[in-house]
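*Asks:* Got a structure here, written out as structure tokens. Questions coming.
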Amino acid sequence: MVKKKACVFISGAGTNLKAIINSSRSYNFPINVSLVISNNKNAKGLILAKKFAIPFKVFNSKEYFFEKKILKEIKDKKISLICLAGYMKILSKNFIKNFKGKIVNIHPSLLPKYKGIDTFKRMLKNKEINAGSTVHYVNEKLDSGKVILKKSISIEKTDNEITLKKKVQSIEYLIFSEAIRKIYLKN
Ligand code: GRF
């Protein structure tokens, strides 16, 4: 199979990046991670990119033209899917328009509930009984694009932010790859 080229955007640990890289090593996974982009030069995920010899670039999001530079890089490399995996910067409407329908994000809640940050803290405060994660297309509104896949887990009385994050992330490592498969099954 001819694999499509994907770019993963990160800002931090990159554990979701790792899960996608692992999946992509299988011959029938639809994409290869051909580029990693970070807005944080200290993101741990960059160590992974180095380890797997994946080209990576760091763009300073405080620079005025940084998105323009990213777009150029992505177009030059013929990237056909952007996976936002813990990228802590909101993309501009213009950027999204340029790559419409080809940007996906993973969010640590059962969307449309708990858009935005501090999801675990808010869920625990509201005494929710279920948590989860959602992979969705990115549109101009924060955490609001069409859902590709979501999966829930139950919140136990003993859970705190740390244990909940751990549980949610363990399902993220499965659903991000499953969602990528689903995208290409349709095409
Ligand atoms: C994930 O939990 C994801 O849901 C959120 O940011 C986190 C990134 O973690 N958007 P990592 O960098 O993949 O470890």
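*Asks:* Using the structure shown, decide if Ala49 is more than 23 Å from Ile90 (Cα to Cα) and either small (Gly, Ala, Ser) or modelled with pLDDT under 95 (or both). Can you show your working first?
*Replies:* Values: more than 23 Å from Ile90 (Cα to Cα): no; either small (Gly, Ala, Ser) or modelled with pLDDT under 95 (or both): yes.
Against the criterion (more than 23 Å from Ile90 (Cα to Cα) and either small (Gly, Ala, Ser) or modelled with pLDDT under 95 (or both)), Ala49 does not qualify.
*Asks:* If you go through segment 10-38 one residue at a time, how many are near the ligand (Cβ under 10 Å from one of its atoms) and of a type in the set (A, V, I, L, M, F, W, C)?
*Replies:* The number of residues fulfilling the criteria is 5.
*Asks:* Right, next: Inspect all residues belonging to segment 135-147 and state whether any of them is modelled with pLDDT of 95 or more and more than 19 Å from Lys100 (Cα to Cα).
*Replies:* no
*Asks:* To continue, here is another question. Is it the case that some residue within segment 15-24 is touching a Gly at 6+ places or on another chain (Cβ under 7 Å), of a type in the set (Gly, Ala, Ser), more than 18 Å from Lys102 (Cβ to Cβ) and modelled with pLDDT of 95 or more? Spell out the reasoning first.
*Replies:* First pass over segment 15-24, keeping only residues touching a Gly at 6+ places or on another chain (Cβ under 7 Å): 16-17.
From what is left, the residues that are of a type in the set (Gly, Ala, Ser) are none.
No: segment 15-24 contains no residue that is touching a Gly at 6+ places or on another chain (Cβ under 7 Å), of a type in the set (Gly, Ala, Ser), more than 18 Å from Lys102 (Cβ to Cβ) and modelled with pLDDT of 95 or more.
*Asks:* Any residue in segment 86-102 that is of a type in the set (S, T, N, Q), over 21 Å from Gly14 (Cβ atoms) and out of contact with any Leu (no Cβ under 8 Å at 6 or more places or on another chain)?
*Replies:* Initial filter on segment 86-102 (of a type in the set (S, T, N, Q)): 92, 94, 98.
Those still in the list that are over 21 Å from Gly14 (Cβ atoms) too: 92, 94, 98.
After this cut, where a residue has to be out of contact with any Leu (no Cβ under 8 Å at 6 or more places or on another chain) as well, the list is 92, 94.
Yes, the conditions are met somewhere in segment 86-102.
*Asks:* Sticking with this one: For segment 28-53, which positions are in a loop (DSSP other than H, G, I, E, B), more than 11 Å from Lys5 (Cβ to Cβ) and in contact (Cβ under 8 Å) with a residue 12 or more places away in the chain? Can you show your working first?
*Replies:* Our first condition is that a residue be in a loop (DSSP other than H, G, I, E, B); within segment 28-53, this holds for 28-30, 39-44, 52-53.
From what is left, the residues that are more than 11 Å from Lys5 (Cβ to Cβ) are 28-29, 39-44, 52-53.
Passing the criteria: Asn28, Phe29, Asn39, Asn40, Lys41, Ala43, Lys44, Phe52.
The values are calculated or read from the model by the stated rules, or taken from the named source; none is laboratory data. What you see is a predicted model; the values in this text were computed from it and never measured. All Cβ positions, glycine included, derive from the backbone under ideal geometry; neighbour counts span all protein chains shown.
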